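Undergrad: Quick one: the structure is below, and I'll ask about it shortly.
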Amino acid sequence: MVIGRDIYDAFPRYPFTPPPELEGRGGHVPVIIVGGGPIGLTLALGLACHGVSCTVIEPRDSASFGSRATCTSRRSLEIWERFGAAQPALDMGLAWTGGSSFWHDHTVFSLTMHDDADQKHPPMINIQQCFAEQFLIDAALEHPDIDLRWSSTVTGLKHDADGATVTVETAAGAYGLSSDWLVACDGAHSFVRQSLGLKMKGTSYEGRYLIADIRHASKHPTERRAWFDPVSNPRATVLMHKQPKDIWRVDYQLRDEDDAEEELKEERVRARISAHLEMIGEDPDYELVWMSLYKAHCLTLDSYRHGRVLVAGDAAHLVPIFGVRGLNSGIDDAGNLAWKLAAVIQGTGGDRLLDSYSEERVFAAHENISQARKSTLFMTPPSRGHTLLRDAALSLAVKHEFAKPLVNPRQTTAIVFPTSIINTPTDPHLPGPPAGATLPTCPVEWRDGNGSGKGFLLDHVKLRPTLIQFGDHRSLLASAAAGHGVDIVTVLDRADPAFDGFCLVDSQGRARAVLGAESPDAGFLVRPDGHIAARWESPEPDFITMALLRSLGLEAEA
């Protein structure tokens, strides 16, 4: 519900442009993405970066309105950066690393997320979803391989072993569009999911939150704050986040006896927010901009692949807001799928890559749901028994350190895929990240024949599989990876004037430390999405070739 529009009114509206299909031309495209929200746009940018054209079908004519998903994780920023779309969000977003949880007059937990000199990006930035969407729209409109069709609604779907065909309704009439592949990014009420007869499984919770954006000048730093049983909202909880443009996001729980229709009335919302601002010592002078009602769901499909139709984001899974896993898990879906679908389309990867997309992201959904369920039960206890346990933990956390972790909101972190079908298993005794983990990063110095510079390890994993090898083994690696479009990054422990070509110089040993590379000739195969596919203590050509083929879904064809 929109109250005051001007803070978000600068977003452009995009006119409907009649597509060639309405004139009897065209009619077939490589990929249809249903839904032009942040997940669909991220996927479109990823495919385009890999050289694959796509058509995005979106019923709206602009970015969404209001904060909606407001916390963007480091992992999401890494994905956007790889697709050339992170900098505007980084420039606007408010970085934060921690927060506080309160019970009555006591601070019962202080959140500190991992952040040190090794990291390129903050663990989290706050930016309203509408602004993030606009930045993605801007990037998509600049890319010739993305056809973004506004004011267009998919109303019919047929699919078979060769692809999918949709019926698209517009103000100028309906048309058909076929594709080799279709990806459903059309949200929680996905038309595509329903058309396929798919149902998500899991649990929906009765606890309700009213979410409001207020424009409020405050010097309080950017952090996550949570209040349990505050005077402003007895027997319930309140959350606050600072956002760009002096907007504060306020989430407060409705009690079981509260009537949602009554509580959505402007005077009731203002009374609750004013009471909370007064309680925390803030000036109650603010503008109410936007509000919405939210219920928590822990739901996922069993599979995200159905022939040539794939599902991502809220169309595939619904995760509670606690721990900020909703939008971020959808962006991770898009980052995982983009390179795999592109590889299959371009013939550089096998079909089992798309099976691995489903396997890995379903696993991630269950991991996210497991953590989010714990947070949901703590934030919105569903029964008197859960409430008693929660309040006991809070009371213990006032004085006892052992109880404080029980209050931890369990913020989202990058998921490790320990048993992916495209992993090459790692010796569990090796230090550092195993196969399936995301590549850690640290500052590095690079050198080539033209000069040198500084950056981060992750900067050197781009859009192709990457072999990161300590020691000069370029000839061996080139032979092992021949014909598969692989980038080779040599890491030297010290600068060598005789080295001819590009290399990273790890003179401080940070790269070895974060990678657990104790062997002089340790190496890593990193997928285009930043996950480690294999690692070794010394480079063996047959092992590297096998691991590369497996990571590309080609092992069965080798």
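The values are calculated or read from the model by the stated rules, or taken from the named source; none is laboratory data. A quick note: this is a predicted structure, and the numbers were derived from the prediction, not measured. Backbone-built Cβ (ideal geometry, glycine too); neighbour counts: all protein chains shown.
Undergrad: On the basis of being within 17 Å of the chain's Cα centre (by Cα), modelled with pLDDT under 95, closer than 24 Å to Val56 by Cβ and small (Gly, Ala, Ser), does Gly326 make the cut?
TA: Yes.
Undergrad: Out of segment 502-558, which residues are in contact with a helix residue (DSSP H, G or I) (Cβ under 6 Å, 6 or more places away or on another chain), surrounded by fewer than 17 Cβ atoms within 10 Å (Cβ to Cβ) and under 13 Å from Ile468 (Cβ atoms)?
TA: none
Undergrad: Mind counting the residues in segment 165-195 that are without any contact (Cβ under 8 Å) to a residue 60 or more places away in the chain and in a strand (DSSP E or B)?
TA: Summing the residues that are without any contact (Cβ under 8 Å) to a residue 60 or more places away in the chain and in a strand (DSSP E or B) in segment 165-195 gives 4.
Undergrad: Inspect segment 354-366 for any residue being among the polar types (S, T, N, Q), touching a strand residue (DSSP E or B) at 6+ places or on another chain (Cβ under 8 Å) and free of Cβ contacts under 8 Å to residues at least 60 places away in the same chain and give the result as yes or no.
TA: Yes.
Undergrad: Right, here's the next one. Could you tell me whether any residue of segment 305-319 is at positive phi, surrounded by 21 or more Cβ atoms within 10 Å (Cβ to Cβ), part of a loop (DSSP other than H, G, I, E, B) and in the same structural domain as Val29 (by TED's automatic domain parsing)?
TA: Taking every residue of segment 305-319 in turn, none turns out to be at positive phi, surrounded by 21 or more Cβ atoms within 10 Å (Cβ to Cβ), part of a loop (DSSP other than H, G, I, E, B) and in the same structural domain as Val29 (by TED's automatic domain parsing).
Undergrad: Right, something else. Filter segment 456-502 down to the residues that are of a type in the set (Lys, Arg) and in a helix (DSSP H, G or I) and list them by number.
TA: Arg474 - this is the single residue of segment 456-502 that is of a type in the set (Lys, Arg) and in a helix (DSSP H, G or I).
Undergrad: Could you check, for segment 297-318, whether at least one of its residues is farther than 30 Å from Thr42 by Cβ, under 25 Å from the mean Cα position of the chain (by Cα) and touching a residue at least 12 places away in the same chain (Cβ under 8 Å)?
TA: no
Undergrad: Regarding Asp147, is this residue in the same structural domain as Gly26 (by TED's automatic domain parsing), surrounded by fewer than 19 Cβ atoms within 10 Å (Cβ to Cβ) and either at pLDDT 95 or above or touching a strand residue (DSSP E or B) at 6+ places or on another chain (Cβ under 8 Å) (or both)?
TA: For Asp147, the condition - in the same structural domain as Gly26 (by TED's automatic domain parsing), surrounded by fewer than 19 Cβ atoms within 10 Å (Cβ to Cβ) and either at pLDDT 95 or above or touching a strand residue (DSSP E or B) at 6+ places or on another chain (Cβ under 8 Å) (or both) - is not met.
Here is a yes/no grid of residues against (1) assigned by TED's automatic domain parsing to the domain that holds Gly84; (2) over 14 Å from Phe524 (Cα atoms); (3) at pLDDT 95 or above; (4) among the hydrophobic types (A, V, I, L, M, F, W, C):
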site	(1), (2), (3), (4)
Gly449	no, yes, no, no
His460	no, no, yes, no
Pro465	no, no, yes, no
Ile468	no, no, yes, yes
Leu477	no, no, yes, yes
Asp487	no, no, yes, no
Thr490	no, no, yes, no
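Undergrad: Can I ask one more? For segment 407-429, give me the residue count where each residue is crowded, with 18+ Cβ neighbours inside 10 Å and either more than 22 Å from Asn328 (Cβ to Cβ) or assigned by TED's automatic domain parsing to the domain that holds Asp355 (or both).
TA: Summing the residues that are crowded, with 18+ Cβ neighbours inside 10 Å and either more than 22 Å from Asn328 (Cβ to Cβ) or assigned by TED's automatic domain parsing to the domain that holds Asp355 (or both) in segment 407-429 gives 4.
Undergrad: Only one of these is closer than 17 Å to Ala533 by Cα and either of a type in the set (A, V, I, L, M, F, W, C) or part of a loop (DSSP other than H, G, I, E, B) (or both): Phe363, Phe402. Name it.
TA: Exactly one of Phe363, Phe402 is closer than 17 Å to Ala533 by Cα and either of a type in the set (A, V, I, L, M, F, W, C) or part of a loop (DSSP other than H, G, I, E, B) (or both), namely Phe363.
Undergrad: For segment 247-268, name all the residues that are in contact with a Ser or Thr (Cβ under 8 Å, 6 or more places away or on another chain) and farther than 12 Å from Arg208 by Cα.
TA: Result: Ile247, Trp248, Arg249.
Undergrad: Go through segment 503-558 and report how many residues are of a type outside the set (A, V, I, L, M, F, W, C) and assigned to a loop (DSSP other than H, G, I, E, B).
TA: Looking only at that region, the number is 18.
Undergrad: I would also like to ask the following. Given the criterion in contact (Cβ under 8 Å) with a residue 12 or more places away in the chain and in contact with a Gly (Cβ under 7 Å, 6 or more places away or on another chain), identify the matching residue among Arg464, Arg390.
TA: Selected residue: Arg464, the only one of Arg464, Arg390 that is in contact (Cβ under 8 Å) with a residue 12 or more places away in the chain and in contact with a Gly (Cβ under 7 Å, 6 or more places away or on another chain).
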